[in-house]
1. Find all pairs meeting these conditions: Cβ atoms under 9 angstrom apart; at least six residues apart or on different chains; first residue within the stretch 46-68 and more than 14 Å from THR32 (Cα to Cα); second residue small (Gly, Ala, Ser) and in a strand (DSSP E or B).
2. If you take the residues of the stretch 28-49 that are farther than 13 Å from ILE131 by Cβ and assigned to a strand (DSSP E or B), which of them is farthest from the chain's Cα centre (by Cα)?
3. Is it true that ILE85 is in contact with a Phe, Trp or Tyr (Cβ under 6 Å, 6 or more places away or on another chain), at pLDDT 95 or above and outside any helix (DSSP H, G or I)?
4. Just the residues that are touching a helix residue (DSSP H, G or I) at 6+ places or on another chain (Cβ under 7 Å) and either buried (at least 16 other Cβ atoms within 10 Å of the Cβ) or part of a strand (DSSP E or B) (or both), please, taken from the stretch 50-64.
5. Within the stretch 114-124, is there a residue that is part of a loop (DSSP other than H, G, I, E, B), within 17 Å of LEU166 (Cβ to Cβ) and touching a strand residue (DSSP E or B) at 6+ places or on another chain (Cβ under 9 Å)?
6. Go through (1) touching a residue at least 40 places away in the same chain (Cβ under 8 Å); (2) over 16 Å from SER62 (Cα atoms) one by one and return the number of the condition LEU84 breaks.
7. Is there a residue being at pLDDT 95 or above and of a type in the set (Asp, Glu) anywhere in the stretch 8-26?
8. Could you check the stretch 140-173 and list, in sequence order, the residues that are in a loop (DSSP other than H, G, I, E, B) and of a type in the set (A, V, I, L, M)?
Amino acid sequence: MKSLLLSGLMALAGVAGAAEPQLRIVLAGDSTVTDKSGWGRAFAERLAPGVTCSNTAHGGESTRSCLDSGRWAQAVALHPTHVLIQFGHNDMPGKGPKRETDPKTTYRANLIRFVEDVRATGAQPILVTSIPRRTFKDGKLVGELAPYVEAARAVASDKKVPLADLYKKSVEAIEKLGPEASEELGPMGKDGKRDHTHLAKPGQELTAKLLVEELCRVVPDLAGAFRKEQPAGEETAR
């Protein structure tokens, strides 16, 4: 009798566990997503206890090199429940044939491949538009990444994939700060000049905040994945 009761309780526990799988988020992208010079660590610090985050982003990565290097396969093999995908900077012209893609053809095809691969595992793909380069002209950002952003938006629409439009949110926030104030968002380069692509601590915190806001908007079920209180450094990012 005790054995039957124990078996029943174990079965119920198994059903409950299956009904509420642990959230496992994987990040895929370039250096602007990494922990060191992107928003990766600041994003992970906003996650609630019990939610795991594996950052597979790699400096210099493009959609092409991510596939060719095998790093994409490694990311998918981590058995995520959600995959955030942000590329574009190294897909641009001038990065060499091993990385460059065309926004209307190869870049689009690679994003579709990513979406389909994630869905094949039963996980949720989420496209994230590239963060902008902080290059101003007449008070507005130049917007060099716009063609790749538009391609990501189109794939999200065509494939019915959630889109966190981090590019749009970042442009609004950066242009509101203006050229001078936005300088602190980037680290100092070895040449003593500000890096207008990568993120320093204030830029990491601000970008992670904007991303979480977008994710809660486009994937409401993820709202519970984030801590309610502000992480350390939040005030600095404002």
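1. The qualifying pairs are CYS66/ALA28; CYS66/GLY29.
2. LEU47
3. Values: in contact with a Phe, Trp or Tyr (Cβ under 6 Å, 6 or more places away or on another chain): yes; at pLDDT 95 or above: yes; outside any helix (DSSP H, G or I): yes.
It is true that ILE85 is in contact with a Phe, Trp or Tyr (Cβ under 6 Å, 6 or more places away or on another chain), at pLDDT 95 or above and outside any helix (DSSP H, G or I).
4. VAL51, CYS53, ASN55, THR56, ALA57, HIS58, GLU61, SER62, THR63, ARG64
5. no
6. Going through (1) touching a residue at least 40 places away in the same chain (Cβ under 8 Å); (2) over 16 Å from SER62 (Cα atoms) one by one, LEU84 breaks only (2).
7. Quick first cut of the stretch 8-26, residues at pLDDT 95 or above only: 23-26.
From what is left, the residues that are of a type in the set (Asp, Glu) are none.
No, because not a single residue in the stretch 8-26 is at pLDDT 95 or above and of a type in the set (Asp, Glu).
8. First, pick out the residues of the stretch 140-173 that are in a loop (DSSP other than H, G, I, E, B): 142-145, 160-162, 165.
Selection gives VAL142, LEU145, VAL161.
The values are calculated or read from the model by the stated rules, or taken from the named source; none is laboratory data. No experiment lies behind these values; they were computed from the predicted model shown. Neighbour counts run over all protein chains shown; Cβ positions are idealised from the backbone, glycine included.
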